[in-house]
1. Right, Y22: closer than 23 Å to A70 by Cα, more than 11 Å from the chain's Cα centre (by Cα) and surrounded by 12 or more Cβ atoms within 10 Å (Cβ to Cβ) or not?
2. Do you know which of the residues in the stretch 25-58 that are farther than 16 Å from M1 by Cα, out of contact with any Lys or Arg (no Cβ under 6 Å at 6 or more places or on another chain) and of a type in the set (V, I, T) is surrounded by the most Cβ atoms within 10 Å (Cβ to Cβ)?
3. Give the residues of the stretch 11-36 that are more than 19 Å from K95 (Cα to Cα) and either in contact with a Cys (Cβ under 8 Å, 6 or more places away or on another chain) or at pLDDT 90 or above (or both), sorted by residue number.
4. Of the residues Y3, Y96, Y12, which is over 11 Å from the mean Cα position of the chain (by Cα), part of a strand (DSSP E or B) and touching a residue at least 12 places away in the same chain (Cβ under 8 Å)?
5. For A44, indicate whether it is of a type outside the set (D, E) and out of contact with any strand residue (DSSP E or B) (no Cβ under 8 Å at 6 or more places or on another chain).
6. Within the stretch 48-84, restricting attention to residues that are modelled with pLDDT of 85 or more and part of a loop (DSSP other than H, G, I, E, B), which residue is farthest from the chain's Cα centre (by Cα)?
7. Output the qualifying pairs, or none if there are none: Cβ atoms under 7 angstrom, residues six or more apart or on different chains, first residue in the stretch 28-51 and closer than 18 Å to T68 by Cβ, second residue modelled with pLDDT of 95 or more and charged (D, E, K, R).
8. Mind checking which residues of the stretch 63-89 are crowded, with 16+ Cβ neighbours inside 10 Å and under 12 Å from A29 (Cα atoms)?
Amino acid sequence: MSYTEAGEWLQYTVEVKDAGNYALNVRMAQGEGRGEIFFTLNGAATGKPVKVNAAGAKRSWQTMGAGTIALEKGKNVLRLCINKNGGDVNFVELKYQP
């Protein structure tokens, strides 16, 4: 997703086989200024806000950690919310933490 603006969001439905803790990462590019995003899980704020520093080039990707979140077995709804400035979102990643 490119040229995001404050107030926009992306929503993902995640089907989880085993409940547990997952590292939450996001890969973004920020051309100018500082951006900020946060996540919600099943309607409640989760993880930590992520400040996205300008890299000087529009396609200079950065992968950043947004903390560890607890996913329940079954359907979970994860939302990435753009809080400040626009940027480009490449991917959101969840890694199981045994």
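1. So Y22 fits the description; yes.
2. Ranking the candidates gives V50 first.
3. Taking the stretch 11-36 first, the residues more than 19 Å from K95 (Cα to Cα) are 29-36.
The answer is E36, and nothing else.
4. Values: Y3 fails: part of a strand (DSSP E or B); Y12 fails: over 11 Å from the mean Cα position of the chain (by Cα).
From the options Y3, Y96, Y12, the qualifying one is Y96.
5. On the way: of a type outside the set (D, E): yes; out of contact with any strand residue (DSSP E or B) (no Cβ under 8 Å at 6 or more places or on another chain): yes.
Considered against the rule, which asks whether it is of a type outside the set (D, E) and out of contact with any strand residue (DSSP E or B) (no Cβ under 8 Å at 6 or more places or on another chain), A44 comes out as yes.
6. By that ranking, first place goes to K73.
7. Note: pairs meeting the criteria are F39/R79; T40/R79.
8. Residues satisfying the conditions are N85, G86, G87, D88, V89.
The values are calculated or read from the model by the stated rules, or taken from the named source; none is laboratory data. Treat the numbers as computed from the prediction; the structure is a model and nothing was measured. Using ideal geometry, Cβ is built from the backbone for each residue, glycine included, and neighbour counts are taken over all protein chains shown.
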